[in-house]
Each structure stands twice: as structure tokens, then as C-alpha cells.
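For reference, the structure discussed in these notes is given below.
The values are calculated or read from the model by the stated rules, or taken from the named source; none is laboratory data. Just so it is clear, the structure is predicted and the values come from calculations on it, not from any experiment. Cβ atoms come from the backbone with ideal geometry, glycine included; neighbour counts cover every protein chain shown.
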Amino acid sequence: MAETHLKIRREGAVEYVVLNRPKIRNAFNEDLIAEMAAWAARAGHNHEVRAAVLSGAGTIFCAGGDLEWMSKMAGYSQEDNIRDATAAARMFSAWDNLPFPVVARIHGAAIGGGAGLAAIADIAIASSDAMFGFTEVKLGLIPAIIAPYVLAKIGRSAARELFLTGRRFTAEEAKQIGLVHAVVPAEQLDATVTQYLDEILAAGPEAIAASKALIGRICNCSTEEAMRLSVAAIAERRVSAEAQTRMKAFLKKS
């Protein structure tokens, strides 16, 4: 699929994915969702990619749903709505399950589905003047597709307040509730992204993928099941070629 709503470039082992609909604040429609899903399908099988940086062109990261797209939904049948929502759900799932870290570079605003992108990012960095909001209830809608990822990030209590009021909140509050990990002045966004990328690229890619998978497996399981899964995971990693090589190199320096 040729990208028209995304700009993609590769620098070394990092793919930079830019939402490229600046005239409408990088809002989602079915075409952008399809392009994002297609990119995730390709990148997820590309072992040369070690990290991805997701950002938005123009003055806003992502304003949620495209009004023209949402207006079409009013005429959708139940089957049309299920098909449309399923495509969006699969896109978010594909990004959430990428085997490498996704770093979100958030400026301006991340509203609705845009805040959902912050939730699926492994590392979310926001400019200090960025605004966030799960504003779906203001339109008589609900943040259903992004709810699993947001709840995993911010928990039930914060979600209750923010989902049910639809109020907008600051980057600092987003950090306090765990939606983003760093808040910096806008002019420091790129430098902060680079700092995180340096840390990622200095680590073992297989270990990163295994750590990300482990988080998903044990997050909501019982203590007994988490123990079983975590013991099996570390036993497997200890005998891996990557771990053996890196541990030997570390011990030589000690």
C-alpha cells in the first residue's frame, strides 16, 4: 500500500512514522487507519527495525477522528460500524504488539484516538504545552477501541474521571497518571527522543522483544501464573545467544 497519509523514513535501525494530515490536525479516517495497520504488519516482521518514532506533522500530534469520517458513520448500518470499528481495533492491536519499542513524540494535542496512540506507545514524550483528552462522551460516543490500552496505562480510577467527563488535561497531568513518561519544553522534544533511542539501541533487541511480550503476558494474571511465566522467560533468555554474548562482554569489562 502506498502511503498518502503517513510519511515514513528510516534512519539506521529506527523508523520514523509521521501522521501526515496536518490540515485536519492529523485526524483519523479509514485510510489513515489502513495505512497504519499496513505499516505495522510490515515493520513487525522486519528484523532490521529496532524502534519506531511516531509523531504528527504540523501543529498537533493527533486530534482524534476526522469529522468527515465521523459524519459518514451516521449512515452506517450495524454491520458497517462493526467492520469499521474492527479495522481500527486491529490497527491499535498491531501497534501495541510490535516487537520493538514505539516512542511517541507528542506536541500540540492528543485527543481521543490521539490519546489512544499515547497509550499504545511504550515510551511517550510530550511537550509541556501539549493537551490531552478522552473527549468522546462530548460527542455522545465512548472511547471503546482505545479503552484496553488506556486502562493498562492509567488504571481504572483515572479512566473513570477522564472517560466520564471528557475534560481536557495537561501534559503534566498526563505524566502524573502514567499516560506519558516525560514532559519537556517543545524545543527539547527531539533531543529527549534521541536520548531514549540511544538507550534502546544499546540494549539487546531480542531481550527488549521478550520483555515487552512478558509485560503483556503477566500483567493481569494470577501471582502463581505470573511466577510460572516469568521463571520460564528468564530461563529461556539466560541460554540465548544474545544474552550469553552480552553477559560475557560485560564480565570481561568488570
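Below is a table of values for the structure above.
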quantity	calculated
Checklist (1) over 16 Å from L117 (Cβ atoms); (2) among the small types (G, A, S); (3) in a helix (DSSP H, G or I) applied to G75, failing item	(3)
Pairs with Cβ under 6 Å, 6+ apart, first in region 96-112 and in contact (Cβ under 8 Å) with a residue 60 or more places away in the chain, second among the hydroxyl-bearing types (S, T, Y) and part of a strand (DSSP E or B)	R105/S55; H107/S127
Verdict on A203 being small (G, A, S), more than 19 Å from the chain's Cα centre (by Cα) and in a loop (DSSP other than H, G, I, E, B)	yes
In region 176-224, the residues that are within 22 Å of G12 (Cα to Cα) and of a type in the set (D, E)	D190, D198, E199, E206
The lone exception for A37 - which of (1) small (G, A, S); (2) more than 19 Å from I120 (Cβ to Cβ); (3) at pLDDT 95 or above it fails	(2)
Of all residues in region 1-34 being under 18 Å from the mean Cα position of the chain (by Cα) and assigned to a helix (DSSP H, G or I), the one that is farthest from L54 (Cα to Cα)	A34
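Per-residue answers, yes or no, for (1) in a loop (DSSP other than H, G, I, E, B); (2) outside the structural domain of D96 (by TED's automatic domain parsing); (3) surrounded by fewer than 18 Cβ atoms within 10 Å (Cβ to Cβ):
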{"position": "A124", "(1), (2), (3)": "no, no, no"}
{"position": "D129", "(1), (2), (3)": "yes, no, yes"}
{"position": "V137", "(1), (2), (3)": "no, no, yes"}
{"position": "R156", "(1), (2), (3)": "no, no, yes"}
{"position": "F169", "(1), (2), (3)": "no, no, no"}
{"position": "E173", "(1), (2), (3)": "no, no, yes"}
{"position": "V180", "(1), (2), (3)": "yes, no, no"}
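Quick grid of which residues meet (1) more than 19 Å from V103 (Cβ to Cβ); (2) more than 16 Å from the chain's Cα centre (by Cα); (3) not assigned by TED's automatic domain parsing to the domain that holds G108:
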{"site": "M36", "(1), (2), (3)": "no, no, no"}
{"site": "A40", "(1), (2), (3)": "no, no, no"}
{"site": "A43", "(1), (2), (3)": "no, no, no"}
{"site": "A52", "(1), (2), (3)": "no, no, no"}
{"site": "S55", "(1), (2), (3)": "no, no, no"}
{"site": "I60", "(1), (2), (3)": "no, yes, no"}
{"site": "A63", "(1), (2), (3)": "yes, no, no"}
{"site": "D66", "(1), (2), (3)": "yes, yes, no"}
{"site": "W69", "(1), (2), (3)": "yes, yes, no"}
